[in-house]
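Notes follow once the structure below has been shown.
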Amino acid sequence: MSAPLKVDRISCRYENESAVNHASFDIEPGDLACLLGPSGCGKTTVLRAIAGFQPLIDGAIYLDNQCISSPANIVAPEHRNMGMVFQDHALFPHLNVERNVAAGLFRRSDSDRRRIVGEMLERVGLQNQMHKYPHELSGGQQQRVALARALAPSPELLLMDEPFSNLDGDLRERLGQEVRELLKDIGATCVMVTHDQQDAFTFGDVVGVMREGHIEQWDKPYDLYHEPTSLFVAKFIGDGVFIEGTIASATEVKSELGLLRGDLVTDLPVGTPVDILVRPDDIIHDDHSTQTARIVKRSFRGESYLYTLVLPSGSKVLSLVPSHHSHAIGEDLGIKMEIDHLVVYPRIKP
Amino acid sequence: MAIASSSNTEQAQYRFSSALINSADPWRIGTVVIALLAILPVFAILWLAFFPTENIWPHLVKTSLPRYLQNTIVLMLGVGTSVFATGVSTAYLVSNYEFPFRRMFEWLLLLPLAFPAYVVAYLYTDLLEFAGPVQQGLRTLFGWQLASDYWFPNVRSMGGAVMLMGLVLYPYVYLLARSSFIEQSPNLSAVSRLSGRSPFKTFMFVSLPIARPAIAIGVALALMETLNDFGTVDFFSVHTLTAGIYDVWLNMGNLGGAAQIASVMLTFVVLLLSLEYVGRRRQRFYQSAGRFSNKQRKQLVGRSKWLAIFVCAAPVSLGFILPFLMLLKYAIQYFEQSWSPEFREYVFNSLYVSTTAAVVCATLAVVVCYGRRLHRSTSMIIAARIASVGYAVPGAVLAVGIVIPLASFDNAMDTFFRARFDISTGLMLTGTTFALIMTYVIRFLAISIGSVESSMSKISESVDMAARTLGYSASRTLGRFQLPLLKSGILTAALIVFVDTMKELPATLLLRPFNFETLSTHVYQFASDEMIEQSALGALCIVISGLLPVILLSKTISQSQSLASRA
Amino acid sequence: MKHPSALLLLTMVALGISTQNVLAQEVNVYSYRKPQLIKPMFEAFTAKTGVKVNAVFAQKGMLERLKSEGRNSPADLVFTTDIGRLSDFKNAALTQSVQSDIINAQVPDNLRDPDNHWFGLTSRARIIVAAKDRVADGEITTYEDLADPEWNGRVCTRSGKHAYNVALISMMMAVHGDEKAETWLNGVKSNLARKPEGNDRGQVKAIKEGVCDLAVINHYYMFQMISDKEQKPWADAVRVIFPNQQDRGTHMNISGMAMARYAPNPDNARMLMEFLASDQAQGMYAEVNGEYPVKQSIVLTGYLQSLGAFKRDNLALDKVATNRAEASKMVDRVAYNE
């Protein structure tokens, strides 16, 4: 069965650069975790370290409470019982689908192997493609075979390195959801690495935002979005702008858009200048509102418009409005603040 | 999961305790040992150079060394330019344009590889010298009598050497440039053409620079061969550093002096190896993961068509067809004389050492390349580089460098066994085919490493990682998942070593055991007495055996093209 | 494949060892002489005594090989084509003294080592050949003449570094002293019609082609050329001149033999040496190769007879040998080969 994974303040070097810097997180059995971050943040290195391909210069990794990686010792990858899926699927080009999936089952009996392969392929919906070769399959099909191959030996942990990056939009989301369902069904534990927020949010139970080798915040997607703990995460996740404000009390902030009150509890002294995170969904369209802002840009999103609005002070905010309200650029739009999650950061003196 | 078992957790304890990655794993050890063996002769030479019995370095520097240097540099520049021009132009034509016989030219252009340079040198001298048919014809035509009556370029000169070596060595550049051109995405040149550049400019500013790393490697290889050559430069009285080594060592009896010249040559060696290294580094980024799209070749018409045919036909005719026909003629003429039981023995000997060397080289190359792939540390990269050093060291120098350590080993063993067990083990390694084959292996390991590495680098690392996570150890990953995909690289490696060993001369002359003649030593013997006609049969055999691998090479290339394009 | 490297090493060693020959009644020869030239003698020896002769013919690196093989060297005898190499072997302590009255009786004193380490077997005269139609009889009579400006652009020789020429230069040094010898060499160099290339026969060919008018060669090449259909015209185009008949005589070199210091089959080796010094063998050299036997009393026939008697330079070859290293350097200083 799957086992808990503990990554404890690991640091790694990759090609003479400090790629991972005291990264830590814990994963419970059955969790689908995501490492999210811009390229170069070290997420792939962390994955490689978990798999056993990357030596550590500090910290340790524990699987099922046993140390599998430390600066002194590394358990060889082939003994970790982990499965891995890659961005380029890495299917063995000279083997057909059936053989690819069976590749990790060489220690089983023939009958066992056949059964498992059959089951796995059914789960990914490719039982009719058994005798095809990788180059005869589409991108989505290839990734499914790769997934089946990785899962066939019942690994304790599944690792995925940008598995959907090579697929186009619609397929991506679909496959992401399918894979999630499959893994939940099996009860697998998974760590996925991606640079795409949408992938992470669709897929992950818990997401870690990485930056420069370090994990900024490790949280449920919802919390990341609505309660980012650092400026970086706030900027990285979702759309949003910052407007200036001042602390009015322990639970209130004064701003251009009025006195804001949400679920904020802060111990910053009254009068501290802060930046307030304002998401597009925090500003709603209200024709009856006295507060207006001028539309300077709009972006059609299908079911909504994303308006860029200018406040009287000159600050810009974003607002996501259902698209049956169509307003033109230059119009004044009535707006109302509806901030449930009030997130502020002390303003950094330039 | 379907197979849930508590036994997994039980096993976990045992599993992890015995499964630690050993830094002393066989691949790493193997690579290091190979590297040490390869560099042993170089150390022996350097040792000799710095501690000679009679130091003639001051004399050398004052008199002959500057000339040797100059001649070597001129020769290398000349050959480098020649192989570049020939190799690149033919490769480009054959990959990008359609014209009559193009398919045939693709593999025909490889043929000169089968010819040893010195054989071609002797044949062309035969053809172009005063008494040869060309000058005879001219004299009859114009009524000249003596050499002093007219001017005809002297083949036995620096110019002749440059041209002939260029003729025989351009396939290295051709081969590599061609792979590069073929792999280039047609989109690149499409973009260039759309922005207004003519085909020629597109070639100069897009295709050529991208192929530069591959071309650099090809030129480096050709120049290493040039540096090594003794037969041609000796015959043509072009006094290069190699000739200097032979001279100082054999005519002046000063091995230390020879080792000193050899050390100077090592700087050239280092330069060439760096050139090749840089080329291979860049190549990694320039290679488009082996996706060969079906290239649209442009059909040539009219003058361009004929020009293309001419440009491709010239090197093939001059570098192979003409010399081959000459050899054929002499072989038939002198067949009875040449076909003796001794001759059959020479053939067997040549085949034996060449095949053994090829197999050993290919195996060791796989060890080194895989070792480097597994442990991506600077020390392993250096070890792999060191293992390649032998290629650039001239055969004769390598031979001396080998005899000394091997003989010391033999003598030490003998002394030991004599003292302990009162048995004389005698010479176990020196003077046997072991020494000879070891020299070949050290000398040609570079090219097999290069070929295997080039194939291995086309296999994405994720395939390795996938196999490992599925439970295959490093060794099994190599066996089950890499070797099938490396077949063409390994075959290429083995074939080229086979051909090179068949042609090899200087080291063979020095290291062969008693009564062990190979085809190459046999040909050299006769040719240097200007009796090449009698040994033409032998030369023909060398060339024919050199042909088969060359043709297979060509087939392998087109096969792997189609396999990779499907992947 | 558990341990590829170990398996490999074993295979290689096995392969190597398998080619070792360990039989009785044989003698091992390391020879600089070309196989065609010496095989007939060996075959005659085997026919007479039943002892098999194993020969390694190598033009390069013989000395080094012997040196590194040391005590375990299988070499019994060493054959060379000139005095220089013979003395090199002795100086490298790779030879041993052979006391044999038979051999001493066959080889004159000045053509063998005072310590009996090496023995000449044949001698060869370094002669000048001249284009019959372009050089008058008596126009050139000495080695020294070769440096005369009148021969400017008319002389061909093989590489100055070749042992035969080095011996010649060594002789000039012994006779005239280093300085004068270097002046002479410079003079010869400026008279060269082309950069030295090819072997001795190639020079005669060049005369035939009109490239030059004079060449310096070993006498027996004339003999060999006459017997070859293609090369006969070259020989016919030149006249043979034995230089310095009016003073010290023509420079002679030798091909010779020495017994290796650690010879495993010394008795067989000695037998072979005595055979090669015998009248029979010496006669064979004369017949087969056109070289002069060292034993003066052997009657000459055929071509050698037609060349007639000539005065030989009796300089002890020892002296020639000691100048070798300097002579070689002199060739470098003068840039003779460029």
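Taken together, the values in this text are just the output of simple stated rules run on the coordinates, not laboratory data. Here the structure is a predicted model, which means the values were calculated and not measured. With ideal geometry, Cβ positions are generated from the backbone for all residues, glycine too; neighbour counts draw on all protein chains shown.
Structure notes:
- Among beta bridges from DSSP that stay inside the stretch A:5-234, the antiparallel ones total about 55%.
- The stretch A:5-234: relative contact order in percent, alpha carbon pairs under 8 Å with at least 6 residues between: 28 percent
- Put in line by how crowded their Cβ is, counting other Cβ atoms within 10 Å and starting with the fewest, B:Phe343, B:Phe417, B:Phe434 read B:Phe417, B:Phe343, B:Phe434.
- Among the listed pairs B:Lys503/C:Lys132; C:Lys34/C:Lys90; C:Lys161/C:Lys311, those beyond 31 Å (Cα-Cα): B:Lys503/C:Lys132
- Taking other residues whose beta carbon is less than 10 angstrom from the beta carbon of B:Arg372, and scoring Lys, Arg as +1 and Asp, Glu as -1, yields +3.
- Label-to-label distance, A:Val310 versus A:Arg114, with points set 7 angstrom from Cα along the beta-carbon direction: 7.4 nm.
- The amide H of A:Ser304, built 1.01 Å from its N in the peptide plane, has A:Ser323 as neighbours under 5 Å, considering only residues 5 or more places off or on other chains.
- Inter-probe distance in nm under a simple model that places probes 7 Å from Cα toward Cβ, at B:Leu194 and A:Glu244: 4.7 nm
- 10 Å Cβ neighbours from other chains, averaged over peptide B:347-356: 1
- For the stretch A:5-234, the number of Lys pairs with C-alpha atoms closer than 21 Å, counting only pairs eight or more positions apart or on separate chains, is 5.
- In this structure, B:Arg103 and C:Gln246 have a Cβ-Cβ separation that, at R0 = 56 Å, corresponds to a calculated FRET efficiency of about 0.15.
- Taking the C-alpha atoms only, the angle from helix C:35-49 to the longest principal axis of chain C is near 50 degrees.
- The B:Arg418 and C:Lys39 beta-carbon pair, evaluated with R₀ = 30 Å, returns a calculated FRET efficiency of approximately 0.25.
- Inter-probe distance in nm under a simple model that places probes 7 Å from Cα toward Cβ, at A:Thr292 and B:Leu322: 9.2 nm
- Two-site FRET efficiency, C:Ala316 against B:Asp529, from Cβ-Cβ distance with R₀ of 25 Å, rounded to 0.05: 0.20
- Of the chymotrypsin sites (Phe, Trp or Tyr not before Pro) found in the stretch B:63-157, the ones in coil according to DSSP and having at most 15 other Cβ atoms within 10 Å of their Cβ are B:Phe101, B:Trp144, B:Tyr150, B:Trp151.
- Helix-only CD estimate at 222 nm, as mean residue ellipticity for chain B, using -39500 (n - 2.57) per DSSP H run (n ≥ 4): -24000 deg cm²/dmol
- Placing a label point 7 Å from the Cα of A:Glu173 along the Cα-to-Cβ direction, the residues of the stretch A:196-214 with a backbone N closer than 14 Å are A:197-203.
- Sorted by Cβ density within 10 Å, fewest first, the residues A:Arg123, A:Arg80, C:Arg65: A:Arg123, C:Arg65, A:Arg80
- Cut-off 20 Å, label 7 Å out along Cα→Cβ of B:Lys298, residues of the stretch B:158-202 by amide N: B:178-202
- 12 Å Cα-Cα reach of A:Lys254 towards aspartates and glutamates, excluding residues that sit fewer than 8 places from it in its own chain: A:Glu244, A:Asp275
- Residue pairs, from the table B:Lys62/C:Lys329; C:Lys208/C:Lys229; C:Lys295/C:Lys319, whose Cα atoms sit over 18 Å apart: C:Lys295/C:Lys319
- Rounded tilt (10° steps) of C:4-17 against the dominant C-alpha axis of chain C: 70 degrees
- Distance from the stretch A:138-210 to the stretch A:17-74 (C-alpha centre basis), Å: 18 Å
- Taking other Cβ atoms within 10 Å as a rough exposure proxy, C:Leu317, B:Leu307 sort from fewest to most as B:Leu307, C:Leu317.
- Look at where the Cα atoms of the stretch C:77-121 and of the stretch B:127-173 average out, and the two centres are 45 Å apart.
- Two numbers describe the Cα atoms of chain B: Rg and Dmax, which are 25.9, 102 Å.
- Cys residues of the protein assembly as shown that find no other Cys beta carbon under 4.7 Å: A:Cys12, A:Cys34, A:Cys41, A:Cys67, A:Cys190, B:Cys312, B:Cys361, B:Cys369, B:Cys541.
- Karplus-derived 3J(HN,Hα), 6.51/-1.76/1.60, for each residue of the stretch A:308-316, Hz, glycine and proline x: 9, 10, 10, 7, x, 6, x, 5, 9
- Near the amide H of C:Trp118, within less than 5 Å, lie the amide hydrogens of C:Asp113, all on another chain or at least 5 residues away, with H placed in the peptide plane.
- Expressed to the nearest 5 percent, the antiparallel share of DSSP beta bridges inside chain C is 65 percent.
- Mean separation of Cα contacts under 8 Å, 6 or more apart, over the residue count of the stretch A:240-346: relative contact order %: 32 percent
- Between 0 and 90°, nearest 10: helix C:324-334 axis offset from chain C longest Cα axis: 50 degrees
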